[in-house]
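Asks: Please see the structure below; I have some questions.
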Amino acid sequence: MPAIRVAVAGAAGRMGQTVCRAVESADDLELTGRADPALQTPLADVLPNADVLVDFTAPTSAVANARLAAQAGVHVVIGTTGFDPAELEGATGANIFVAPNFAIGAVLMMQFAVQAARHMAQAEIIELHHATKVDAPSGTAARTAALMAEASPTGASPPIHSVRLPGLVAHQEVILGDVGQTLTIRHDSTDRESFMPGVLLAIRRVVNLGDSPVVGLEKLLA
């Protein structure tokens with residue numbers, strides 16, 4: 001079976017570089033393009049040789065990149081956050097998958113928080129990221145809050161507190177409280193390699209999605 005040809009948008013960034021290394025290390029994938037203004041390589045130059053585009057760019061460019069790729073028949077995996085995935089509705093030509101967080105542990109953290117929200121009176125979310133992260137709250141925190149609100153008997157969305165400091169990578173705590181007790185659910189990504197199994201899973205699965213766009217890594221783990 002031929003290898004899946006993968007191009008990376010935002011390839012010069014820290015996440016982009018990590019994705020490129022992960023793709024190059026996978027026997028069933030082939031890195032065919034690195035798009036990034038810093039590399040003087042526009043997105044249009046890498047699409048003709050790609051089956052899947054992985055986007056780790058910026059909120060201001062992710063939607064346009066996805067639409068351009070889909071129109072070219074290239075499936076899209078988006079790890080960029082800070083935009084509304086509803087903006088991708090109506091994009092045709094190929095499948096689009098979006099994940100606020102590609103770490104398997106982060107997905108489990110969100111699922112545990114949703115389960116706890118059904119039984120605990122109140123909750124708050126603290127998300128902590130590296131100092132250069134451009135969006136706040138993080139996509140993971142926003143999605144966690146939305147899922148918890150759907151599960152909570154009150155429908156209340158937990159407040160989110162954002163921390164941006166050097167030395168951090170990606171961390172989130174969900175603290176729930178009720179009479180005489182608290183419950184803390186925490187996930188820590190201490191290295192960007194923690195996201196790579198989820199990214200590679202999405203690359204392999206995006207071609208066969210039944211719907212598009214699809215949001216959330218949990219949809220691929222079910």
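Asks: Of all residues in segment 189-222 being in contact with a His (Cβ under 8 Å, 6 or more places away or on another chain) and part of a helix (DSSP H, G or I), which is modelled with the highest pLDDT?
Replies: Restricting to residues being in contact with a His (Cβ under 8 Å, 6 or more places away or on another chain) and part of a helix (DSSP H, G or I), the top hit is 206.
Asks: Next up: Can you pull out the residues in segment 32-46 that are within 21 Å of residue 67 (Cα to Cα) and outside any loop (DSSP other than H, G, I, E, B)?
Replies: 32, 33, 34, 35, 36, 37, 41, 43, 44, 45, 46
Asks: What are the residues in segment 135-146 that are touching a residue at least 40 places away in the same chain (Cβ under 8 Å), of a type outside the set (D, E, K, R) and not in a helix (DSSP H, G or I), if any? Can you show your working first?
Replies: Residues of segment 135-146 that are touching a residue at least 40 places away in the same chain (Cβ under 8 Å), as a first pass: 135, 138-140, 142-143.
Subsequent filtering for residues that are of a type outside the set (D, E, K, R) retains 138-140, 142.
Selection gives 138 alone.
Asks: Within segment 34-57, does at least one residue satisfy the condition of being surrounded by fewer than 17 Cβ atoms within 10 Å (Cβ to Cβ) and either among the aromatic types (Phe, Trp, Tyr) or within 25 Å of residue 191 (Cβ to Cβ) (or both)?
Replies: Yes - at least one qualifying residue is present in segment 34-57.
Asks: Residue 149 is checked against (1) part of a loop (DSSP other than H, G, I, E, B); (2) farther than 23 Å from residue 57 by Cβ; (3) of a type in the set (Gly, Ala, Ser) and fails just one. What number does that condition carry?
Replies: So the condition that residue 149 fails would be (1).
Asks: Okay, next question. So for segment 111-134 (the condition being basic (Lys, Arg), part of a loop (DSSP other than H, G, I, E, B), more than 22 Å from residue 220 (Cβ to Cβ) and over 16 Å from the mean Cα position of the chain (by Cα)), does at least one residue qualify?
Replies: yes
Asks: Could I ask something else about it? With the checklist (1) under 17 Å from residue 191 (Cβ atoms); (2) assigned to a strand (DSSP E or B) in hand, flag the one item residue 6 doesn't pass.
Replies: Status for residue 6: all satisfied but (1).
Asks: Given (1) in contact with a Gly (Cβ under 9 Å, 6 or more places away or on another chain); (2) modelled with pLDDT of 95 or more; (3) closer than 20 Å to residue 206 by Cα, identify the lone condition not met by residue 96.
Replies: It is condition (1) that residue 96 fails.
Asks: A further question on this structure: Name the one entry in 46, 63, 52 that is within 14 Å of residue 199 (Cβ to Cβ) and of a type outside the set (D, E, K, R).
Replies: 52
Asks: Before we move on, is residue 23 crowded, with 23+ Cβ neighbours inside 10 Å, part of a strand (DSSP E or B) and modelled with pLDDT of 95 or more?
Replies: Details: crowded, with 23+ Cβ neighbours inside 10 Å: yes; part of a strand (DSSP E or B): no; modelled with pLDDT of 95 or more: yes.
Criteria not met by residue 23.
Asks: Residues in segment 168-183 that are touching a residue at least 12 places away in the same chain (Cβ under 8 Å) and either among the small types (Gly, Ala, Ser) or surrounded by 15 or more Cβ atoms within 10 Å (Cβ to Cβ) (or both): how many?
Replies: 11
Asks: Further, regarding this structure: Name the residue that is modelled with the lowest pLDDT, counting only residues in segment 143-172 that are within 20 Å of the chain's Cα centre (by Cα) and of a type in the set (D, E, K, R).
Replies: 143
Asks: Within the bounds of segment 72-86, is there any residue that is assigned to a helix (DSSP H, G or I), modelled with pLDDT of 95 or more and at negative phi?
Replies: no
The values are calculated or read from the model by the stated rules, or taken from the named source; none is laboratory data. Predicted, not measured: the structure shown is a model, and the values here were computed from it. Reconstructed Cβ throughout: ideal geometry from the backbone, glycine too, with neighbour counts over all protein chains shown.
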